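Working notes, structure below.
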Amino acid sequence: MSTGTSTIYEDRTVRIDDQGVTIRHYYFPYFPFVSKFVPYSQIESVDLGVMSWLSGRLRIWGTTDFSSWYSLDLSRPWKETAVVLTLAGRGAPSFSPKDPDRVETEIRSRIGSHAAN
């Protein structure tokens with residue numbers, strides 16, 4: 001992330017700016033909890049996933065099925081939807097923002113415009 005970026009969306013779990021997506025508290029248990037920055041050029045797709053009690057809702061950090069990796073979010077058990085990013089050959093970071101529909105729309109519009117450039 002470079003200086004002078006413009007924030008498009010931000011909450012406790014994620015920051016979206018004109019350079020890419022910063023997933024907060026991704027590399028727990030390292031202190032301080034380290035964020036993961038993903039430039040739009042590395043994102044192949046973005047999807048919403050419904051979390052059930054067996055598929056991520058109880059997972060406050062890590063993975064349940066090794067197909068996606070959830071950032072640390074102590075409030076995830078009270079949320080129903082996760083955002084899943086598919087990266088070029090490098091897994092699927094997942095997070096549960098406050099407004100998942102908006103986050104998906106914002107990222108989707110930027111990976112589409114990035115692909116056109």
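The values are calculated or read from the model by the stated rules, or taken from the named source; none is laboratory data. This is a predicted model, so every value here is computed, not measured. Methodologically, a virtual Cβ is constructed for each residue, glycine included, from the backbone with ideal geometry; neighbour enumeration extends over all protein chains shown. We work out accessible area using only protein heavy atoms, side chains counted, and drop any ligands, DNA or RNA first. Shrake-Rupley method; radii C 1.70, N 1.55, O 1.52, S 1.80 Å.
Those residues that are assigned to a strand (DSSP E or B) and over 17 Å from Leu72 (Cα atoms), I need them from segment 85-113; list them, please. Within segment 85-113, Thr86, Leu87 qualify.
The single condition among (1) out of contact with any strand residue (DSSP E or B) (no Cβ under 7 Å at 6 or more places or on another chain); (2) among the charged types (D, E, K, R); (3) modelled with pLDDT under 85 that Arg59 does not satisfy is (1).
For beta carbons closer than 7 Å, sequence separation of 6+ or different chains, a first residue in segment 42-59 that is among the β-branched types (Val, Ile, Thr) and a second that is open to solvent by 70 Å² or more (accessible area, probe 1.4 Å), the qualifying pairs are Val46/Arg108; Val50/Glu80. The residue of segment 78-109 that is modelled with the highest pLDDT, among those that are open to solvent by 60 Å² or more (accessible area, probe 1.4 Å) and under 16 Å from Gln42 (Cβ atoms), is Arg108. All but one of (1) open to solvent by less than 70 Å² (accessible area, probe 1.4 Å); (2) touching a Phe, Trp or Tyr at 6+ places or on another chain (Cβ under 9 Å); (3) modelled with pLDDT of 90 or more hold for Ser75, so report the exception by its number. (2) is the only condition that Ser75 fails. Determine whether Val38 is open to solvent by 50 Å² or more (accessible area, probe 1.4 Å) and β-branched (Val, Ile, Thr). Considered against the rule, which asks whether it is open to solvent by 50 Å² or more (accessible area, probe 1.4 Å) and β-branched (Val, Ile, Thr), Val38 comes out as no.
May I ask you to verify whether Phe66 is among the hydrophobic types (A, V, I, L, M, F, W, C), open to solvent by 60 Å² or more (accessible area, probe 1.4 Å) and modelled with pLDDT under 90? So Phe66 fits the description; yes.
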